[in-house]
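Inspection log for the structure reproduced underneath, given as structure tokens.
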Amino acid sequence: MVEPVVNKLLSAGMMRSKIVVGLSLKVHSFVLLNPNENIVGASVIRNSPDLFNYRHICKVGDANLHEQAYSKYKKSNDRWIAFNDEETIREKVAWVQRKNLGGIALTDVNFDDPTGYCSKNFYTFPLVKMAHSQMSCLHVHAVSSSADDKETKKSQNSDFYEQCVRLCTYTLRNGNEPLEIDNLIKSGCTHLSIYVGKFDSPGKYVDSYLLLKHMELLKIKRANVSAVLLSVHYMDFWKFSSNDTSNNVNLFIENIEHIMNEFGFDGIHLHFEFANAIEEYEKLYTEKLYNKILNIRKMESNRNKMLFIISLNVNAFINEAEQWLRRADYLNLLLKYYEAESEEFLHLTHRTGNRKKLLIGGALFKHQRSTHSDFCKQFRMSIPEYEDSSFDLIYDNIQTIVRKARFATMYGFGGMALLNVHVDDPSGICLRGSKFPCLRAMKENYLCQPRCETPENHCQKSSNKVMCYYSAEVDSDAVFSSDLPLKRCTHLAVNILYFFKDRNGELKIHTSWSTMRILNELLSLRIQHGLKLVAVVQKKHGIHSYNEIIRLMTQDERWFAEFVRVIELFDFDAVELHFGSIENIQHQHILNILKKLKSELKRNPTASNQCPVEFGFAAEMYPMNLGNKIFVETIYGLFDYITLLSFKSNRGLGIAETNRGIAIEDTISMFEDQGFPVRKLVLALPSFGIQFNLGCGSNVSVEDVLSNLSDHAQYLEYDRKYRMNDLCRKVIRKEMKEFISYRHMGAVAYSCNEILFYERPETIRYKARFAAARGLGGIALYRLNDENDCSSCSGISYCLLDAATADC
């Protein structure tokens, strides 16, 4: 019995909230060693217990309740069976609540009734639901006998997403205003590296008063910056050579340590970025310096965040990648944007397995031009979309910084660095008063890992949605493949409820026997993975418009009761209306009907879940007219969430510069500008590709179109939509050229007159992190089972879902 054990734990000082009581959902079958003993506590014959499913005994009516153990027992032939049913589960949960314990654990949920055999209405998982309803919205820990998803755990703890560094180097000089550093921090620097001049002998650096004045300011601003580092250039120790004694090196290091201690620096930033080859004595010096930092960490507890960062030329890194990774906390790699995107570089960083220690570096021109116009050209210079190696830029501008930042986000690098940030137009003369434009571009486009929130209870699980849309239009065996990583999803949305007209012209909801069979499988998955099941409601063929649905609704109000009955019958946690574009619900009488429908749903919580039924709406973005503030207020009050289906139209690219699409950032801004929180918005991510062809009469090439989509999109003719696996095979078979459009954040493949627009795991990862960075309510992946199995692209099944949920 569990009560004596619980009492002993409590008397030993265990907190009640930390005690979770396990309840078995298995049916135990066994033989007693001594048939005359009391069944509770008796010994059983070794290896005699068998376990089987509750459905096999749920209709047993003459089992006895044992008052002491509060479990059901029944003797059959020479064996006994012991089990919990809904009555005993209810009483045991009530006892846990009376004791004010931390909760319950149900094991194993797959031994419950997943098919609904025990219920006339296909009521699945009766024991889990009974426990859940008794616990209200408290946690129920469902323990499945299947192995844990190791890949899920691996990606959730992935090294790729542990860091978020934006390192800025700043040269201190006479005439600097402390306000400049204040602006740097506000513009996005998390780590600030200050170059104070050469100090190969004591006192040989800039005016100590100037340095002290800036460091005092930084101490005040310390809450907004992670570390202030002392910049040391490799040219500062040029006088050393391979014949030098270690004493000279040690004296140099002692001088650096003295400056660090006197002015309160948090570490060292050592610069090798303009050296293609690094001498052995310089490597020795570097290792001594790093060991000094490590010793300071060990000896001084208040300096445990001392950092050592090395800026390195990418060629020097490639030659000795693993050795350099051991010499520093972070390596800032100075490289051109097309060098970063090369297969060689990506393979190398993947092999090292330490991308979290790597920063993608950018460098600005050190000296201002003679005139304002010449100086500002470097910020506005444009770069081509593809075949980038032919366009050689030594220094960075806004476009290359944007590109590097998006690249660093997509491939999971630890951060970004911007050298010579003191010449990043600090006065704002180039871009209408916008100071530090490259730094701001780095901040806005290098997206940090979002904070992973743990919901306090099941009802709050919807606060960070991962909507996984299933298609019931494919074979059900394919729908419920065992390798689907559903632990990544919070909501499982199913397109299986449809409006239709019967022979009498009355509005009905379509449900079939095959639908009910699929739903039972879905309910099983929901319990196993802690999902919320969403009923997606659409119109079926035969109904020409949603206005016709509204007209039928108004003719017979009994429809509302029928709708709620269907939702209750299948135990949905949420209802999502797919009414095409949002303009279809702008009329007041439609809004009134939807308000009534919502009120009916709110009054009828589902059987297994006392949490409110969520009411959602999915809308295509491009026709949205959000100028009517009253309408926006209405839909915000009406719906719990709004999914932005930027990809639903087969002929829409979801790209700002093509067709009639509205950029996602513009849509978000529309809501924000009117004062409405974007927390209710869910960003849908496309899981398929679209092919366009150049028209026969066009006088432009594919390359012309790709170089400037805004000017040449009219030449594109929609061809077809591709499932991911089919698309990948086409790209491989036709040897199409591929690249990532960092301007539009999508993948592109092309050959001859064909262009494919689609997603890769890297672009999906960026968009998911973008949704988190902008504070949206979550993300959605459409037709997961039908179109998101991209194993032929990457060798990983459901790689887009994997990438979209890699952060949390």
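The values are calculated or read from the model by the stated rules, or taken from the named source; none is laboratory data. These numbers were taken from a predicted model, which means no experiment stands behind them. Cβ coordinates were reconstructed from backbone atoms using ideal geometry, including for glycine residues, and neighbour counts include every protein chain displayed.
Here's the yes/no breakdown for (1) buried (at least 19 other Cβ atoms within 10 Å of the Cβ); (2) under 30 Å from Leu312 (Cα atoms); (3) modelled with pLDDT of 65 or more:
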site: Lys99; (1), (2), (3): no, no, yes
site: Ile104; (1), (2), (3): yes, no, yes
site: Cys137; (1), (2), (3): no, no, no
site: Cys189; (1), (2), (3): yes, yes, yes
site: Leu192; (1), (2), (3): yes, yes, yes
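From the list Glu735, Glu762, Glu754, the one residue that fits, being over 18 Å from Met410 (Cβ atoms), modelled with pLDDT of 85 or more and not aliphatic (A, V, I, L, M), is Glu754.
The set of residues in segment 748-762 that are under 29 Å from the mean Cα position of the chain (by Cα) and of a type outside the set (Ser, Thr, Tyr) comprises Val748, Ala749, Ile755, Leu756, Phe757, Glu759, Arg760, Pro761, Glu762.
Is it the case, given these coordinates, that Val40 is surrounded by 13 or more Cβ atoms within 10 Å (Cβ to Cβ), modelled with pLDDT of 70 or more and within 28 Å of Asp113 (Cβ to Cβ)? When the stated conditions are applied, Val40 does not pass them.
Looking only at segment 340-359, count how many residues are in contact with a strand residue (DSSP E or B) (Cβ under 9 Å, 6 or more places away or on another chain) and closer than 20 Å to Tyr395 by Cα. The qualifying residues number 5. Scanning segment 306-348 for residues that are modelled with pLDDT of 85 or more and either in contact with a Pro (Cβ under 6 Å, 6 or more places away or on another chain) or of a type in the set (Ser, Thr, Tyr) (or both) returns Ser311, Tyr330. Here the condition is being under 26 Å from Lys288 (Cβ atoms) and touching a residue at least 60 places away in the same chain (Cβ under 8 Å); of Asn313, Asn354, it holds for Asn354 alone. Restrict the check to segment 736-749 and report whether at least one residue is in a helix (DSSP H, G or I) and outside the structural domain of Val466 (by TED's automatic domain parsing). Taking every residue of segment 736-749 in turn, none turns out to be in a helix (DSSP H, G or I) and outside the structural domain of Val466 (by TED's automatic domain parsing).
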